[in-house]
Amino acid sequence: MEPRTTDRSAADVDILLVGGGVMSATLASLLTTLEPGWTIEVHERLDAPALESSNPWNNAGTGHAALCELNYTPQRPDGTVDITKAVAINEQFEISRELWDHLATHGRLPGAGQFCTPTPHMTFVRGAADVAYLQARHAALAAHPLFADLELTTDPATIAEWAPLLMAGRDDDEPVAATRATTGTDVDFGALTRAMLADATTRGVAVHTSSEVTRLRRTRDGRWRVTVRDRRWNGTGRRTVTARFVFVGAGGGALHLLQRSRIKEIRGYAGFPISGQFLRTTDPDLVRAHRAKVYGKAAIGAPPMSVPHLDSRTVDGGDAIMFGPYAGWSMKFLKAGSWTDLLRSIRPGNLVPMLAVGLRNLDLLTYLVREVTATSAARLRALRAYMPTADLRHWELVTAGQRVQVIKRGPGGGVLEFGTELVTSADGTIAGLLGASPGASTAAATMLDLLERCFPDRAQAWRPVLHEMMPSLGASWDADLDRLVAQDRLDDHAPTGGH
């Protein structure tokens, strides 16, 4: 893609980003560094950025580095533990940290202390079988250099020193174990997103709020004609913007927009919405007694995003503890979405995957029904499994963000994915992000993947700058770029709309 000239008939903007969350903010930061001459617009349907998934009360705030999350380290049938995914996520989070540090060093972000708080990451389990698993997990992780400092204990007194609320009032005869990584972090992704977009604005990016993208149509010359609705009370109606490249980072709303784009790559994709609630306390005595993110083991049938955790949170300078999530179900794809979202996403091409996933995940459906109908007493029992002395009078129930898990074609007709999935068109002129965890923590790596796949002709020119920003980008990343560059050169149908 060449920088826009004065010929506005070619394209109104070079880059149009849908959604004002951390993904769009990260991509804006990268592109304004790599191509300062490109024109970029961000369109957010709500009246401020970072109000959906990036809002700090709508997510766990965990800097996901696989230090405490058991769903990233599955146990094999022979009892050994697979750490492949944990290593990859740890490396991806490090890339995000390096990007934030680079921007802060160059005066483009406030210091990390404004949005990133050092908070130990712990895993806590009960019962002989889970203790044995945690010991096997620790042995596998600690042998890797990235996790060499991970501590393990089965001593209740030591766990009480690490996190007093876990052990006060607990039965002394119950087998327990915990791991701790003192290098963990709590991240206010809302503050981070706003800071990144504020920086992008100073570098020429136009950020529009109360601005909803409703339609995407490809033009004959490969560009995108985007219809935008002004949602302000005194709004000016609808307008169109022509863009050379579009990124749909609209959280749960991404599926609908990608379907409306009619790119063939989105065929067969569907969404399974899951909501959640947390118990939250700001009681000063409790907050002072607990400074850790403590993750446990998910209930049978529970999705990975519903792994219970007792978390320290720092949001806008205030401290709190959150416990949950208590999973729920809603037909909405966004917290501020519509009850018709799920129905409107059904297409002939994704109906079979949806039915196949439903039939094979009856345990998940049973779990969600149980969670939706849970009483206050049931929520208290779940909390007391991690904090035996908990009293509901000190806690309030808050609604977390909405997540849309990916359903796509696969073995048996369809598969349910609990990660994130980047969908790109064959010509590289449009891309969108589906799914949830680990999400925001790996935003930098995800957006680098987008750059590799959608802008291969720029890869060699961008490589030195990206290495300077994120030094841990390694040989495997360079090899991927070389492969994509070679592929782009050999492709007789080289992209024209996004490059």
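The values are calculated or read from the model by the stated rules, or taken from the named source; none is laboratory data. What you are looking at is a predicted structure, and each value in this text was computed from that prediction instead of being measured. Here the Cβ positions follow ideal geometry from the backbone for every residue, glycine too, while neighbour counts run over all protein chains shown. Side chains included, ligands, DNA and RNA excluded: accessible areas come from the protein's heavy atoms. Shrake-Rupley method; radii C 1.70, N 1.55, O 1.52, S 1.80 Å.
Quick notes on this structure:
- Filtering the range 104-118 to residues that are buried (at least 20 other Cβ atoms within 10 Å of the Cβ) and among the aliphatic types (A, V, I, L, M) leaves only Leu109.
- Exactly one residue out of Thr236, Thr201 is in a loop (DSSP other than H, G, I, E, B), free of Cβ contacts under 8 Å to residues at least 12 places away in the same chain and among the β-branched types (Val, Ile, Thr): that is Thr236.
- Selected residue (criterion: modelled with the lowest pLDDT) from residues of the range 157-182 that are open to solvent by 30 Å² or more (accessible area, probe 1.4 Å), in a loop (DSSP other than H, G, I, E, B) and of a type outside the set (A, V, I, L, M, F, W, C): Asp172
- Among the residues listed as Arg489, Arg483, Arg453, the single one being at pLDDT 75 or above and open to solvent by 20 Å² or more (accessible area, probe 1.4 Å): Arg453
- Members of the range 70-81 that are part of a loop (DSSP other than H, G, I, E, B) and either hydroxyl-bearing (Ser, Thr, Tyr) or surrounded by 13 or more Cβ atoms within 10 Å (Cβ to Cβ) (or both): Thr73, Pro74, Thr80
Every residue, every condition in (1) among the charged types (D, E, K, R); (2) open to solvent by 20 Å² or more (accessible area, probe 1.4 Å); (3) modelled with pLDDT of 95 or more, yes or no:
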site	(1), (2), (3)
Trp100	no, no, yes
Pro120	no, yes, yes
Val131	no, no, yes
Leu134	no, no, yes
Asp149	yes, yes, yes
Leu152	no, yes, yes
Asp155	yes, yes, yes
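- Any pair with Cβ under 9 angstrom, 6 or more apart, that starts in the range 392-414 at a residue that is under 26 Å from Val287 (Cα atoms) and open to solvent by 70 Å² or more (accessible area, probe 1.4 Å) and ends at one that is part of a loop (DSSP other than H, G, I, E, B) and among the acidic types (Asp, Glu): His394/Asp283
- Only a single criterion out of (1) in contact (Cβ under 8 Å) with a residue 60 or more places away in the chain; (2) open to solvent by 20 Å² or more (accessible area, probe 1.4 Å); (3) within 30 Å of Arg137 (Cα to Cα) is not satisfied by Val287, namely (1).
- Evaluation of Lys408 against the conditions (1) in contact with a Phe, Trp or Tyr (Cβ under 6 Å, 6 or more places away or on another chain); (2) modelled with pLDDT under 90; (3) closer than 17 Å to Leu255 by Cα shows that the sole unmet condition is (2).
- Cβ pairs under 6 Å, 6+ apart, first in the range 345-363 and under 14 Å from Arg262 (Cα atoms) and of a type in the set (Val, Ile, Thr), second at pLDDT below 90 and surrounded by 14 or more Cβ atoms within 10 Å (Cβ to Cβ): none
- Selection of the range 50-69 for residues being touching a strand residue (DSSP E or B) at 6+ places or on another chain (Cβ under 7 Å), open to solvent by 10 Å² or more (accessible area, probe 1.4 Å), modelled with pLDDT under 95 and in a loop (DSSP other than H, G, I, E, B) yields only Ala60.
- When each of Arg280, Arg225 is tested for being surrounded by fewer than 23 Cβ atoms within 10 Å (Cβ to Cβ) and more than 21 Å from Asn55 (Cβ to Cβ), the lone residue that passes is Arg225.
- Filtered by the rule that a residue be over 25 Å from the mean Cα position of the chain (by Cα) and exposed (fewer than 13 other Cβ atoms within 10 Å of the Cβ), the range 344-368 gives Pro348, Leu359, Leu362, Thr366.
- Sub-6 Å Cβ pairs linking a first residue in the range 147-174 that is touching a residue at least 40 places away in the same chain (Cβ under 8 Å) to a second residue that is among the basic types (Lys, Arg), at least 6 apart or interchain, are Trp162/Arg180; Glu174/Arg126, ordered by first then second residue.
- A single member of Leu109, Leu103 is in a helix (DSSP H, G or I), within 21 Å of Ala443 (Cβ to Cβ) and either out of contact with any strand residue (DSSP E or B) (no Cβ under 7 Å at 6 or more places or on another chain) or of a type in the set (S, T, N, Q) (or both), and it is Leu103.
- Only residues that are open to solvent by less than 20 Å² (accessible area, probe 1.4 Å) and either in a helix (DSSP H, G or I) or not hydrophobic (A, V, I, L, M, F, W, C) (or both) were counted across the range 260-271, and they come to 4.
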